[in-house]
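Data block below; observations after.
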Amino acid sequence: MRKLAMLVSFAVGTLTLTTTSVLGADAPAGTKVYVSNSDSSSVGVIDANATQGGAKKEPRAAILRTVGSGSEPRGLAGTPDGAFIYVTNRFGSSIPGPGGPTTLPSVSVIETATDTSVGDIAVTGLEPYNLAITPDGTRVYVVCTGSSTVSVISRTTNAEVASIALPTASSPEGIAITADGAKVYVVGRQSNTVDVIATASNTVIAQGITVGSNPRDAAVSSDGTRVIVVGDGVPAIILTATDTRADTGLSGVGPQRDVAVAGNFAYVTNFSLDLPAPAKKTPRASGGSSGPSLDIYDLTDNSYAGSIAVSGVKPYGVALLPDGSTAYVSCQDSNEVRVIDLVAKTETGESVAVGNSPRGVALISPNAIDVPSYLLPRSLRLTLKEGAHDSMVTRGTFDDGGVSLDFTQPVTIDIGGFSRTFTLLATRTEYLSPKESGVALRVKPGVKGSSRGKFRLSLKNTELDQKVDPNAPLLIRLAASGAPAVRGRVKLTAGFFRIGKASGDILEPAFFPRRATVALADGANDVLALQGGFATSGVVPQTISSVKIGFGPTFTRTIAGRDFTSKAGAFTYVEKGDAGMQLTVKVDFRKDIVTINAKKIELGALTSPRIDIVFGNGSSPSVATNSVRLGVKGNRRYY
């Protein structure tokens, strides 16, 4: 018996319920990619949405504009709020001074709202090469390869406030900062070592950690436990708890240049891959090959997980969509940015022409995420047997997004390569498929008068083998004629997904309410019980920053991460106030569940046709807003 991961999608209008492997997800509206054109002294700005076609078959020019920079721009980084891009100018720019403009080593600042340069910041180090911004957005750390120093820029004043001398003439090129902002890891290309700086004191607290030859870049794992360092030699893993190198058994794979992390995977650009097929199979491994590539490492066990061929010449920089579905890779010698679907493990065919010798790549995406609707399984189980005896059972919830769906129209069910069209029969409270051997669909919209609905799909004695990828992330989409797309994505574990049971992972949407009950009373005596799911991509952080919650126009809270207690991936906050007020918030990253219970609070009248439910999980700056319709019965509200 084999277990197979699958994904489910509905479309109504004709209603189409589709279960299929997902290609790279569309970039959130407003997402832009910035690339440093080193030999053109400019930064190219790419509209990430313009590179996403419906079926992704029609490449389209996507350059929005080009912004001037200093001489040989290299590293780029966006601020946590996405408002600014900071760019290193290796050979400086013209800086005003008392005696007139002078060419000095510098960092340029670009305002992303207008994509215009708002000024250059002089640094004392020579040849500023790369940079990183602290997660709280207050400081910029700049590695200067010509002086083996690290400049520290205050974002309050946009001026250098410290210069840190490294222990040796290491010619640093790479830099990474931990998620809590406590440590900076500096990669020395000439010394083949990594030094560690404590941001609290701006002093070196660990030095000379030996890594592979000619190391170029580093990135911190999503859970903050390790740093991956890449270059011409063997990729190295440094454990952040001890600042020591882990024994991984990895081998060198070619001249690697840049690394980015999403979920549990690290993605590394490689001028020319030189490695046989991977030792283990993973959802994103494509086998060994040669030539330019994007290499993949599984950071859960520090293993090589395969490579994706890149058509451009000398792939250098890489940036990822936050959900890990799509990569943008700069190609140094072919002057382009190529778009790679990380789920399908292939290029999309889209190439964006940029300036000469593109190197660094940075991506900014809006932190405010609007989730007007969704569809997600509560549970999914797929079983493959020999012959046409496969089966799948899935049940879950959806939100209609404020659109009245007509379920009496013909319904087409697509499950990978499997497709079936029929008409649902209306009962008093739900819609059922006609009795048919091996296929049963049940849909119940408007639960308790709310915009939430339920569905259940059962397939038996059906041929499903070879029609879906058994390990890939799965797209769940509900598309209705004249209505916005309703969708979600999940990752199964051994063919299973079950929310709240640590089996599988939610990838999209960022947040969705599963159910809510409200009891309204006079004064600040209202009661709220809410449970929702949120996307983790399988990552369990060690610490979190501020968590944001909101229910309707009146009740909102921002809770500092330090006020939560943590245990086994779950973070819990308890607040007790006057007159019996109590609030409990539990954010469980292992189960992808947030639970909010409150009493003796003020929620307002909640009379609007739709209200906003807001959640930011504290592991990223993103905050999701779901607009839902509540069911009403007396002084109670339901979802």
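In region 240-249, how many residues are open to solvent by 30 Å² or more (accessible area, probe 1.4 Å) and in a loop (DSSP other than H, G, I, E, B)?
The number of residues fulfilling the criteria is 5.
Just the residues that are farther than 22 Å from residue 181 by Cα and open to solvent by 40 Å² or more (accessible area, probe 1.4 Å), please, taken from region 552-566.
553, 554, 556, 557
Tell me the residue from 153, 237, 197 that is within 18 Å of residue 296 (Cβ to Cβ) and either open to solvent by less than 30 Å² (accessible area, probe 1.4 Å) or in contact with an Asp or Glu (Cβ under 7 Å, 6 or more places away or on another chain) (or both), please. Step through it out loud before you land on a result.
Values: 153 fails: within 18 Å of residue 296 (Cβ to Cβ); 197 fails: within 18 Å of residue 296 (Cβ to Cβ).
Every option except 237 fails the conditions.
Go through region 365-412 residue by residue and tally those that are acidic (Asp, Glu) and either in contact with a helix residue (DSSP H, G or I) (Cβ under 8 Å, 6 or more places away or on another chain) or free of Cβ contacts under 8 Å to residues at least 60 places away in the same chain (or both).
Residues in region 365-412 being acidic (Asp, Glu) and either in contact with a helix residue (DSSP H, G or I) (Cβ under 8 Å, 6 or more places away or on another chain) or free of Cβ contacts under 8 Å to residues at least 60 places away in the same chain (or both): 1 in total.
Can you go through 539, 587 and tell me which one is within 24 Å of residue 373 (Cβ to Cβ) and either at pLDDT below 95 or open to solvent by less than 20 Å² (accessible area, probe 1.4 Å) (or both)?
Selected residue: 587, the only one of 539, 587 that is within 24 Å of residue 373 (Cβ to Cβ) and either at pLDDT below 95 or open to solvent by less than 20 Å² (accessible area, probe 1.4 Å) (or both).
Please find, within region 118-175, the residue that is farthest from the chain's Cα centre (by Cα) out of those that are acidic (Asp, Glu) and not in a strand (DSSP E or B).
Residue satisfying both the conditions and the ranking: 127.
Only one of 569, 616, 604, 577 is of a type outside the set (Lys, Arg) and either open to solvent by 40 Å² or more (accessible area, probe 1.4 Å) or without any contact (Cβ under 8 Å) to a residue 24 or more places away in the chain (or both); which?
One residue alone meets the criteria, 577.
Are there any pairs with C-beta distances below 7 angstrom linking a residue in region 423-443 that is farther than 26 Å from residue 383 by Cβ and outside any strand (DSSP E or B) to a residue that is open to solvent by 60 Å² or more (accessible area, probe 1.4 Å) and among the β-branched types (Val, Ile, Thr), with the two at least 6 apart or on different chains, and if so which?
none
Test residue 334 against the criterion of being at pLDDT 90 or above, open to solvent by less than 10 Å² (accessible area, probe 1.4 Å) and among the polar types (S, T, N, Q), and give yes or no.
Here the answer is no, as residue 334 does not meet what is asked.
Just name the residue that is nearest to residue 81 (Cα to Cα) out of those in region 161-192 that are of a type in the set (D, E, K, R) and buried (at least 20 other Cβ atoms within 10 Å of the Cβ). Full working, then the answer.
Taking region 161-192 and keeping what is of a type in the set (D, E, K, R), we get 173, 180, 183, 189.
Now restrict to residues that are buried (at least 20 other Cβ atoms within 10 Å of the Cβ): 173, 183, 189.
Numbers: 173: 25, 183: 21, 189: 31 Å.
Looking at the filtered set, the residue picked out is 183.
Is it fair to say residue 632 is open to solvent by 60 Å² or more (accessible area, probe 1.4 Å), part of a strand (DSSP E or B) and among the hydrophobic types (A, V, I, L, M, F, W, C)?
Numbers: open to solvent by 60 Å² or more (accessible area, probe 1.4 Å): yes; part of a strand (DSSP E or B): yes; among the hydrophobic types (A, V, I, L, M, F, W, C): yes.
So residue 632 fits the description; yes.
This table checks each residue for (1) of a type outside the set (A, V, I, L, M); (2) modelled with pLDDT of 90 or more; (3) open to solvent by 20 Å² or more (accessible area, probe 1.4 Å).
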{"residue": "37", "(1), (2), (3)": "yes, yes, no"}
{"residue": "62", "(1), (2), (3)": "no, no, no"}
{"residue": "78", "(1), (2), (3)": "yes, yes, yes"}
{"residue": "94", "(1), (2), (3)": "yes, yes, yes"}
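I'm trying to understand the selection: among the residues of region 337-360, which are over 24 Å from residue 474 (Cα atoms), open to solvent by 40 Å² or more (accessible area, probe 1.4 Å) and of a type outside the set (A, V, I, L, M)?
Within region 337-360, 351, 356 meet the criteria.
Would you mind listing the strands (runs of 3 or more DSSP E) fully within region 322-413 where at least 2 residues are in contact with an Asp or Glu (Cβ under 9 Å, 6 or more places away or on another chain)? Give the derivation first.
On the way: elements: 326-331, 336-341, 346-353, 358-364, 368-371, 374-384, 390-399.
Here the list reads 326-331, 336-341, 346-353, 358-364, 374-384.
For residues in region 445-475 being among the hydrophobic types (A, V, I, L, M, F, W, C) and over 26 Å from residue 427 (Cα atoms), which is modelled with the lowest pLDDT?
468
Residue by residue through region 363-389, note down the ones that are surrounded by fewer than 23 Cβ atoms within 10 Å (Cβ to Cβ) and more than 24 Å from residue 626 (Cα to Cα).
381, 383, 384, 385, 386, 387, 388, 389
Filter region 221-234 for residues that are surrounded by fewer than 23 Cβ atoms within 10 Å (Cβ to Cβ) and either in contact with a His (Cβ under 9 Å, 6 or more places away or on another chain) or of a type in the set (A, V, I, L, M) (or both) and give the result.
Result: 234, single match.
Filter region 251-281 for residues that are assigned to a loop (DSSP other than H, G, I, E, B) and surrounded by 18 or more Cβ atoms within 10 Å (Cβ to Cβ); which is modelled with the highest pLDDT? Explain how you work it out, then say what you get.
The initial filter retains those residues of region 251-281 that are assigned to a loop (DSSP other than H, G, I, E, B), namely 251-255, 263-264, 276-281.
Of the ones still in play, those that are also surrounded by 18 or more Cβ atoms within 10 Å (Cβ to Cβ) are 253-255, 263-264, 278.
Details: 253: 88, 254: 92, 255: 96, 263: 82, 264: 85, 278: 47.
Going through the qualifying residues, I end up with 255.
Checking the structure you have, find out if any residue of region 504-516 is at pLDDT 90 or above, under 30 Å from residue 406 (Cβ atoms), surrounded by fewer than 22 Cβ atoms within 10 Å (Cβ to Cβ) and not small (Gly, Ala, Ser).
Yes, there is a match, as at least one residue in region 504-516 is at pLDDT 90 or above, under 30 Å from residue 406 (Cβ atoms), surrounded by fewer than 22 Cβ atoms within 10 Å (Cβ to Cβ) and not small (Gly, Ala, Ser).
The values are calculated or read from the model by the stated rules, or taken from the named source; none is laboratory data. Bear in mind that the values here come from a model prediction, so they are computed numbers and not experimental data. Cβ sites come from the backbone with ideal geometry, for glycine too, and all protein chains shown count toward neighbours. Each accessible area value is taken on the protein alone, full model and side chains, heavy atoms only, with ligands, DNA and RNA left out. Shrake-Rupley method; radii C 1.70, N 1.55, O 1.52, S 1.80 Å.
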